[in-house]
1. What's the percent breakdown of Cα-Cα distances in the protein assembly as shown across 10 Å bins, shortest bin first?
2. At most 11 other Cβ atoms within 10 Å and a DSSP loop assignment: could you name the GluC sites (Glu not before Pro) in the range B:65-114 that fit?
3. State which entries of A:Lys36/A:Lys56; A:Lys99/B:Lys14; B:Lys14/B:Lys71; A:Lys36/B:Lys71 exceed 25 angstrom in Cα-Cα distance in the structure shown.
4. Semi-axes of chain B's equivalent ellipsoid from the Cα gyration tensor, sqrt of 5 times each eigenvalue, largest first, rounded to whole Å?
5. Simple spin-label model, 7 Å along Cα-to-Cβ: A:Gln3 to B:Lys14 in nm?
6. Between the DSSP loop rule and a limit of at most 14 other Cβ atoms within 10 Å, which GluC sites (Glu not before Pro) in the range A:1-83 are left?
7. Pick out, in residue order, every one of the trypsin sites (Lys or Arg not before Pro) in the range B:1-104 that is DSSP loop and has at most 13 other C-beta atoms within 10 Å; say none if there are none.
8. Averaged across the residues of A:102-112, what count of C-beta atoms belonging to other chains lies within 10 Å of each residue's C-beta?
Amino acid sequence: GQQVMQIPQYQHVQEGEDFTTYCNSSTTLSNIQWYKQRPGGHPVFLIQLVKSGEVKKQKRLTFQFGEAKKNSSLHITATQTTDVGTYFCAGYWLGGAQKLVFGQGTRLTINP
Amino acid sequence: DGGITQSPKYLFRKEGQNVTLSCEQNLNHDAMYWYRQDPGQGLRLIYYSQIVNDFQKGDIAEGYSVSREKKESFPLTVTSAQKNPTAFYLCASKANREGLQPQHFGDGTRLSIL
């Protein structure tokens, strides 16, 4: 079936190191959204990418959407302890039902 | 403040009991969703509703039921048929059924078996 795979499942870094999580879909997506869930909290929307090859930045976070609109990545430069949490990608299928399909998430922990 | 309110925050279910989780939104959003999250896992869609008096099954609807009698309310009942209900339940809403807008989440309800 249609899936959104996200890797790695876990990532532990030293504060100040970079972090990247990758998202791959089995079919073309209409868009990709990224959410962050702090420990014990609920997912919070970070950003949406819609165009093929789109790149967006939010301070130390860089989001990319692949040319084929099947993959995406989130890169954090020089991590800080406030970046701790689980990062989810999610997308709507192109031509599919209006259901947002989530990746499994990447849990980021940071050693201060 | 506009937002989504889920209650209760914690809920305990006895064997053979049905329990209902509340979700209310004052964002005037058309679409509402229920997700289940297990420890260390992603979000799995239980049910969704894109308009009042209409709802569709998600990927794991068995053992759950919903209603959407009012735009602002989308309660989820976890029935006794759901044999493994222990999880974190998240309710979300989206402005309209067709758009690619982000989803807004409530704070969640943690359900456990007694």
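Since every read-out is calculated from the coordinates, none of them should be taken as a lab result. On a predicted model such as this, the values are computed, not experimentally measured, just so you know. Every residue, glycine as well, gets a Cβ built from its backbone with ideal geometry; the counts of neighbours run over all protein chains shown.
1. For the protein assembly as shown, the binned pair fractions read 8, 33, 35, 20, 4, 0 percent.
2. Filter output for the range B:65-114: B:Glu69, B:Glu98.
3. A:Lys99/B:Lys14; B:Lys14/B:Lys71; A:Lys36/B:Lys71
4. In descending order, the three semi-axes are 23, 14, 13 Å.
5. 4.1
6. Those satisfying the criteria are A:Glu15, A:Glu17, A:Glu67.
7. Details: sites: B:Lys9, B:Arg13, B:Lys14, B:Arg36, B:Arg44, B:Lys57, B:Arg68, B:Lys70, B:Lys71, B:Lys83, B:Lys94, B:Arg97; in loops: B:Lys9, B:Lys14, B:Arg68, B:Lys71, B:Lys83, B:Arg97.
Counting only loop positions with at most 13 other Cβ atoms within 10 Å, the trypsin sites (Lys or Arg not before Pro) in the range B:1-104 are B:Lys9, B:Lys14, B:Lys83.
8. Neighbouring Cβ atoms belonging to other protein chains average 2 per residue here.
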